[in-house]
Amino acid sequence: MNFEDSGLYRDITDFADGTPMWVRHGAGIWTEAGLLVFVALFAAGWWRARRDSPRAFAIAALAPLATAVAYVCSEVLKSAVTEERPCRAVAGAAASLAECPPHGDWSFPSNHATIAGAAAVALALVRRALLWLTAPLALLMAFSRVFVGVHYPHDVVAGLGLGILVALVAVRLGTGPATRLARAMRTSSAPAVRWFTGPGTAPVTSYGSHARR
């Protein structure tokens, strides 16, 4: 597969090469460790959903699973396309800031961008207001993969699109069964299962229902 964005790749990597050392160092850390922010948000979403409705809990539990499915899809697509990494294929480009992955670790689409796109959307389905945080994080993750020189721009655009699509479909298809499962798990006799799913929404006590003594 051949896309005409090698020039844009050179422009971005040339720009990256001229940035201060702290910017390059920060980009190197973020491009590898930034996905841990999404892991923390998944954990926070699950914890909060333990005291929410079965449906809300189901979506929170599905969010990381949908992201994992998106990752698997990106790996399958990589194996089918077998596009070489730009840090080896583009002549005259600045040296990549990150170590160039070995031959056979294909470029299209970007796994990191796929995971970031899927996580951003899945978390927004858990709590809509999170989109204001997750969308910029996903875009920053995608851009960082080009900035450090290990992906073409089209790799990260495709990765974001793939992640978003897979997450939307996976959560939509899985919400019904997962909601029924969450409802059943909350009535389980196993304490560990009940702790994992949480008590759900606390019942509202009506003061009028108490008889005066």
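The values are calculated or read from the model by the stated rules, or taken from the named source; none is laboratory data. Small disclaimer: the values here were computed from a predicted structure and weren't measured. Neighbour counts run over all protein chains shown; Cβ positions are idealised from the backbone, glycine included. Side chains are part of the model used for accessible areas, which takes the heavy atoms of the whole protein and leaves out ligands, DNA and RNA. Shrake-Rupley method; radii C 1.70, N 1.55, O 1.52, S 1.80 Å.
Structure above, values below:
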| read-out | value |
| --- | --- |
| Per-residue SASA entry for Met21, accessible area with 1.4 Å probe, Å² rounded to 10 | 130 Å² |
| Additional length obtainable on full extension of the chain from Leu36 to Leu168, 0.36 nm per residue less Cα span | 45.4 nm |
| Hydrodynamic radius by Kirkwood, which averages 1/r over all alpha carbon pairs of region 8-57, in angstrom | 13.7 Å |
| Using alpha-carbon coordinates, inclination of helix 21-33 to the longest axis of the chain, degrees | 50 degrees |
| Largest-first ordering by accessible area, 1.4 Å probe, given options Val193, Val146 | Val193, Val146 |
| Region 1-54, accessible surface, carbon-and-sulfur percent (1.4 angstrom probe) | 65 percent |
| Size of charge dipole - the chain - debye, nearest 20, with Cβ of Lys, Arg +1 and Asp, Glu -1, no other charges | 2000 debye |
| Isolated Cys residues of the chain, judged by Cβ distance under 4.7 Å to other cysteines | Cys73 |
| Kirkwood Rh (inverse of mean 1/r, distinct Cα pairs), region 89-136, angstrom | 13.2 Å |
| Share of carbon and sulfur in the accessible heavy-atom surface of region 84-213 [1.4 Å probe, %] | 66 percent |
| Value in Å of the Kirkwood radius, where region 135-203 supplies the Cα pairs that are averaged | 15.2 Å |
| With Cα atoms, 0 to 90° folded angle of helix 54-81 axis to the chain main axis | 20 degrees |
| At 1.306 mPa s and 10 °C, Stokes diffusion of region 1-142 via Kirkwood alpha-carbon radius, µm² per second | 95 µm²/s |
| The chain - percent relative contact order, Cα under 8 Å, separation 6 or more | 30 percent |
| Degrees between helix 131-147 axis and first principal axis of the chain (Cα, 0 to 90, nearest 10) | 20 degrees |
| Region 145-191 versus region 78-130: alpha-carbon centroid distance in Å | 17 Å |
| Intensity falloff of region 73-209 expressed as log10 I(q)/I(0), Debye formula with alpha-carbon point scatterers, at q = 0.10, 0.11, 0.19, 0.20 Å⁻¹ | -0.50, -0.57, -1.04, -1.09 |
| Gyration tensor verdict on region 23-83 (Cα atoms; rounded if a/c is under 1.5, prolate if a/b is larger than b/c, oblate otherwise) | oblate |
